[in-house]
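Trainee: There's a structure below that I have some questions on.
Any read-out appearing in this document is the output of simple, stated calculations on the displayed coordinates, not a laboratory observation. These numbers come from a predicted model, not from an experiment. With ideal geometry, Cβ positions are generated from the backbone for all residues, glycine too; neighbour counts draw on all protein chains shown.
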Amino acid sequence: MNIYVLVKRTFDTEEKLVISGGKIQEDGAEFIINPYDEYAIEEAIKVRDEHGGEVTVITIGGEDAEKQLRTALAMGADKAVLINTEDDVEELDQFTSAYILAEYLKDKEADLILAGNVAIDGGSGQVGPRVADLLDINYVTTITSLTIEGEKVTIVRDIEGDAEELETSLPLLVTAQQGLNEPRYPSLPGIMKAKKKPLEELELDDLDIDEDDVEAKTETIEIFMPPAKAAGRVLEGDISAQVTELVGLLKNEAKVI
Amino acid sequence: MSKKVLVLGETREGSLRNVSFEAIAAAKKISGGGEVVSVLLGDSVADFGAELINYGADRVITVEHPHLKSYTSDGYSQAMMAVIDQEQPQALVFGHTAVGKDLSPKIASKLQTGLISDVTDIEGEGDDAVYIRPIYSGKAFEKVKNKGDIDFITIRPNNIAPLEKQERSGDVSSLSVDITNLRTIIQNVVRKSAEGVDLSEAKVVIAGGRGVKSAEGFAPLQELADLLGGAVGASRGACDADYVDYSLQIGQTGKVVTPDLYIAAGISGAIQHLAGMSNSKVIVAINKDPEANIFKVADYGIVGDLFEVIPMLTEEFKKVM
Ligand SMILES: Cc1cc2nc3c(=O)[nH]c(=O)nc-3n(C[C@H](O)[C@H](O)[C@H](O)COP(=O)(O)OP(=O)(O)OC[C@H]3O[C@@H](n4cnc5c(N)ncnc54)[C@H](O)[C@@H]3O)c2cc1C
Ligand SMILES: Cc1cc2nc3c(=O)[nH]c(=O)nc-3n(C[C@H](O)[C@H](O)[C@H](O)COP(=O)(O)OP(=O)(O)OC[C@H]3O[C@@H](n4cnc5c(N)ncnc54)[C@H](O)[C@@H]3O)c2cc1C
């Protein structure tokens, strides 16, 4: 089976975030594989181990994203592709990302493409379904279970807490929701092997993409921190006095009841 | 220039979801005086048309087909594209719901437009509309502008106030669309969500975490929620420990809520949890650990044992209500 995983290098949002000069400060920040993409990688490896074939992880990003690709290879992916846009495009939105990924994938005859359901930094959840539409293949989002028998695919997906059971077929793109599996940690031998696995680096030219074709359709004009809340008030005194005070504050100050 | 805006209406368990009314309000702003047209897709939805008009839609278009009874991206996109072809809108507004999240990127891709997802606020009107959305798990926000011909957004439920309901009149028409070649067959939906108040639209949410320690431990939270007309929610920790079903999970993986009042009891405040509730208007934290991260986003905090505090709170609310 020919399996591809879309992997995004993201800012680790568990870490402190600083904005300066209108941009998120990236120096010294922690970067990780988008957590939902880890579920996608794990599932891809499992499907390959059961049905045979090859897992290729792809990312659009700069040189730095090689680290996340090597981690995916160490987990067990076979090959990696870095589409380096650093020199070509300054502004990249979901339209751009999906277009580039689809251009790469269009002649690969993928049976199964896995993505995360959402990136924890950009947070739009658009890229998976957009890529599927451009490739004219079916997609199923926020999946928590995947079973493949021949061409037949049985899936359980999370829809706002309810579980939807459905049937579809390959070729297919799915996006991973938490609960799909427990991603493995790269083993030491895995890390050693990963160093020798192929990592191909491409630029837009290699994909015959013209910069004008991928011009972003949206524009971020400002990034800002949420309006600083008045510092939260931790109440004091004995518990019953605190409870009385809290109810008074909710009624009279916050006016929410 | 004024715009014609198409709005996707959504139903759930036999009634319209609030987010459909909120989307009409958002569309009014974006339209800059233009026309707002609500779209309803399903097997039998025409009866909901009048209510959308009362909430501010100028017109309603319904597409009814047996294949639209359950949502599939193929069925809904065929129906929606047929409406778009007929109406030629300059803007589109969907809810950032399970359906909206799944469908909007496909429609945006077909129209070759940008899509601004999970919008919580709109500044300006008409051509000057600028959209605000949370990024980095809610730690920051961005202002985004559309550069193309069609403004396409999804809105986060409970953030943009609906217009006041009034008796109004407007045209409800139907469009017949041939829905073919569905590549997904829905076999079954296991309903797990609780009866009663819809968590993502609740005005009051009482959420419990691992600190609640058992399924029975949620009883006092439920009692308080019932008193305040709210819903019970939970952290991943409480769901993983099997105290409550995953359908109550709030956060990045679960539901995103923006109630007027959010009470977090025995929840530490991990970023993935905050991503689902930090936009709440007023946040109360009850935790026995004064260092817990949840206090950083709380408006009011009580350091103490939730099993002592919650029942006392219920009694105290009873006195003032
Ligand atoms: C060099 C560069 C420049 C950028 N410049 C801008 C800018 O100017 N303005 C701006 O707003 N944003 C910019 N971005 C961010 C970028 O536009 C979005 O992060 C990207 O389009 C993905 O959208 P999202 O984060 O909403 O992902 P989602 O749609 O939420 O991601 C869902 C899934 O799609 C896949 N996916 C997403 N992104 C990638 C990727 N890059 N490679 C492989 N798979 C992926 C993953 O599986 C992911 O889990 C830039 C990014 C890069 C790498
Ligand atoms: C990809 C990914 C996605 C995730 N998505 C989500 C998500 O959507 N939602 C989510 O919630 N989490 C999510 N998580 C998990 C998240 O990181 C935390 O593990 C989880 O939120 C912790 O739950 P908790 O606060 O209930 O438990 P804990 O962190 O264990 O906190 C329990 C708290 O209860 C307090 N406590 C204990 N006893 C009492 C008492 N008697 N009275 C008062 N306080 C008490 C403790 O002091 C502690 O602060 C995600 C994680 C990952 C990696």
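Trainee: With a cap of 16 neighbouring Cβ atoms within 10 Å, and only residues DSSP puts in a loop, list the trypsin sites (Lys or Arg not before Pro) found in region A:11-86.
Mentor: Of the trypsin sites (Lys or Arg not before Pro), the ones in loops of region A:11-86 whose Cβ has at most 16 other Cβ atoms within 10 Å are A:Lys16.
Trainee: Then there's this: Take every DSSP beta bridge with both residues inside region B:5-174 and express the antiparallel ones as a percent of the total, to the nearest 5.
Mentor: Counting DSSP beta bridges with both partners in region B:5-174, the antiparallel share is about 30 percent.
Trainee: Expressed in whole Å with the largest first, what are the equivalent ellipsoid semi-axes of region A:98-176 derived from the C-alpha gyration tensor as the square root of 5 times each eigenvalue?
Mentor: 20, 18, 8
Trainee: Return the whole-Å distance between the Cα centroid of region A:178-228 and the Cα centroid of region B:1-71.
Mentor: So the two Cα centres are separated by 37 Å.
Trainee: Here's another thing I want to ask about it. Count charges around B:Leu40 for me, please; just the other residues with Cβ under 15 Å from its Cβ, Lys/Arg as +1, Asp/Glu as -1.
Mentor: That works out to -4.
Trainee: Within 10 Å of each Cβ in B:73-79, how many Cβ atoms from other chains are there, averaged over the peptide?
Mentor: Taking the mean over all residues of the peptide, I get 2.
Trainee: For helix A:239-248, report the angle its Cα long axis makes with the longest principal axis of the Cα atoms of chain A; keep it between 0 and 90° and round to the nearest 10°.
Mentor: Approximately 80 degrees, to the nearest ten.
Trainee: Filter A:Lys152/A:Lys217; A:Lys8/A:Lys79; B:Lys147/B:Lys255; B:Lys3/B:Lys145; A:Lys229/B:Lys28 down to the pairs with a C-alpha to C-alpha distance above 27 Å, please.
Mentor: The answer is A:Lys152/A:Lys217; B:Lys147/B:Lys255; A:Lys229/B:Lys28.
Trainee: If you count the DSSP beta bridges with both ends in chain A, what percent of them are antiparallel, to the nearest 5?
Mentor: 40
Trainee: Next up: Can you list the aspartates and glutamates whose alpha carbon sits under 13 Å from that of B:Lys101, skipping same-chain ones fewer than 8 residues off?
Mentor: Once the sequence-local aspartates and glutamates are set aside, what remains near B:Lys101 is A:Asp158, A:Glu160, B:Glu10, B:Asp118.
Trainee: I'd like the FRET efficiency for A:Ala230 and B:Lys69, computed as 1/(1 + (r/R0)^6) with the beta carbon distance as r and R0 of 56 Å, rounded to 0.05.
Mentor: Working: r = 49 Å, r/R0 = 0.87.
Working from the Cβ atoms, E equals 0.70.
Trainee: Next question. Taking H as built 1.01 Å from N, whose amide H comes closer than 5 Å to the amide H of A:Glu222, not counting residues under 5 places away?
Mentor: Answer set, sorted by chain and number: B:Lys143.
Trainee: Given the convex hull over the Cα atoms of region B:5-174, what projected area results after averaging over all orientations, in nm²?
Mentor: The Cα convex hull of region B:5-174, projected and averaged over all directions, gives 9.2 nm².
Trainee: Percent of Cα-Cα pairs per 10 Å bin, from 0 to the last occupied bin, for chain B, please list those.
Mentor: Per 10 Å bin, starting at zero, the Cα-Cα P(r) for chain B comes out as 6, 25, 30, 23, 13, 3, 0 percent.
Trainee: Filter the trypsin sites (Lys or Arg not before Pro) in region B:237-321 down to the DSSP loop ones having no more than 16 other Cβ atoms within 10 Å, then list what survives.
Mentor: Numbers: sites: B:Lys255, B:Lys281, B:Lys288, B:Lys296, B:Lys318, B:Lys319; in loops: B:Lys281, B:Lys288.
Counting only loop positions with at most 16 other Cβ atoms within 10 Å, the trypsin sites (Lys or Arg not before Pro) in region B:237-321 are B:Lys281, B:Lys288.
Trainee: Per residue, what volume in Å³ does the Cα convex hull of region B:194-320 take up?
Mentor: Working: hull volume 11.3 nm³, N = 127.
About 89 Å³ per residue, rounded to a whole number.
Trainee: Still on this structure, I have one more. What net charge do the residues around B:Gly9 carry, taking every other residue with its C-beta under 14 Å from that of B:Gly9, with Lys and Arg at +1 and Asp and Glu at -1? Before the final figure, lay out each step's value.
Mentor: Details: positive: B:Arg12, B:Arg17, B:Arg59; negative: B:Glu10, B:Glu22, B:Asp47, B:Glu51, B:Asp58, B:Glu64.
Residues close to B:Gly9 contribute a combined charge of -3.
Trainee: Please compute one quarter of the surface area of the Cα convex hull for region A:106-257 and express it in square nanometres.
Mentor: Working: hull surface 70.7 nm².
If I average the Cα hull's projected area over directions, I get 17.7 nm².
Trainee: For region B:89-181, which GluC sites (Glu not before Pro) are in a loop by DSSP, counting at most 13 other Cβ atoms within 10 Å?
Mentor: B:Glu164, B:Glu167
Trainee: A:Arg184 to B:Lys319: FRET efficiency via 1/(1 + (r/R0)^6), r the Cβ-Cβ distance, R0 41 Å, to the nearest 0.05? Display every interim value, and only then the final one.
Mentor: Values: r = 54 Å, r/R0 = 1.32.
Rounded to the nearest 0.05, the efficiency is 0.15.
Trainee: Evaluated at 37 °C with a viscosity of 0.692 mPa s, what Stokes-Einstein diffusion coefficient in µm²/s does chain A have when Rh comes from the Kirkwood expression over alpha-carbon pairs?
Mentor: 161
Trainee: Taking the protein assembly as shown as the region of interest, what is the percent of Cα-Cα pairs per 10 angstrom bin, listed from the shortest bin to the one with the maximum distance?
Mentor: 3, 17, 27, 27, 18, 7, 1, 0
Trainee: Taking every DSSP beta bridge with both residues inside the protein assembly as shown, roughly what % is antiparallel (nearest 5)? Don't skip to the end; give the middle numbers.
Mentor: Details: 40 of 114 bridges.
Bridges in the protein assembly as shown are about 35 percent antiparallel.
Trainee: In what sequence, highest mean first, do B:58-69, B:150-161, A:226-237, A:191-202 appear when ranked by Cβ atoms within 10 angstrom?
Mentor: Taking the mean over residues of other Cβ atoms within 10 Å, the ranking is B:150-161, B:58-69, A:191-202, A:226-237.
Trainee: Here's something else I'd like to know. Using a 7 Å offset from the Cα along the Cα-to-Cβ direction at both A:Glu165 and B:Lys288, what is the distance between the two label points in nm, to one decimal?
Mentor: Those two pseudo-labels are separated by 4.1 nm.
Trainee: While we're on this one: Using a simple spin-label model with points 7 Å from Cα along the Cα→Cβ vector, what separation in nm is obtained for B:Glu216 and A:Lys251?
Mentor: If labels sit at B:Glu216 and A:Lys251, their model points lie 3.3 nm apart.
Trainee: Determine the shielding of peptide A:24-35 by partner chains: average, over its residues, the number of Cβ atoms on other chains within 10 angstrom of each Cβ.
Mentor: Mean inter-chain Cβ contacts per residue within 10 Å come to 1.
Trainee: Next up: For A:Lys152 and A:Met1, compute 0.36 nm times the residue count separating them, minus their Cα-Cα distance, and round to one decimal in nm. Mind dumping the intermediate values first?
Mentor: On the way: separation 151, 0.36 × 151 = 54.36 nm, distance 1.34 nm.
In short, 53.0 nm is gained.
Trainee: Still on this structure, please answer the following. Could you name the aspartates and glutamates in cross-link range of A:Lys193, using Cα to Cα under 12 Å and dropping any fewer than eight places away on the same chain?
Mentor: Filter leaves A:Asp78.
Trainee: In the structure displayed, which of A:Lys16/A:Lys108; B:Lys281/B:Lys318; B:Lys4/B:Lys110; B:Lys4/B:Lys281; A:Lys255/B:Lys4 lie more than 29 Å apart, Cα to Cα?
Mentor: A:Lys16/A:Lys108; B:Lys4/B:Lys281; A:Lys255/B:Lys4
Trainee: Using only atoms on other chains, find how many Cβ atoms lie within 10 Å of each Cβ of peptide A:11-21 and report the average.
Mentor: 3
Trainee: Give me the net charge for the shell around A:Thr220: Cβ to Cβ below 9 angstrom, other residues only, Lys and Arg +1, Asp and Glu -1.
Mentor: Taking every other residue near A:Thr220 into account, the sum is -3.
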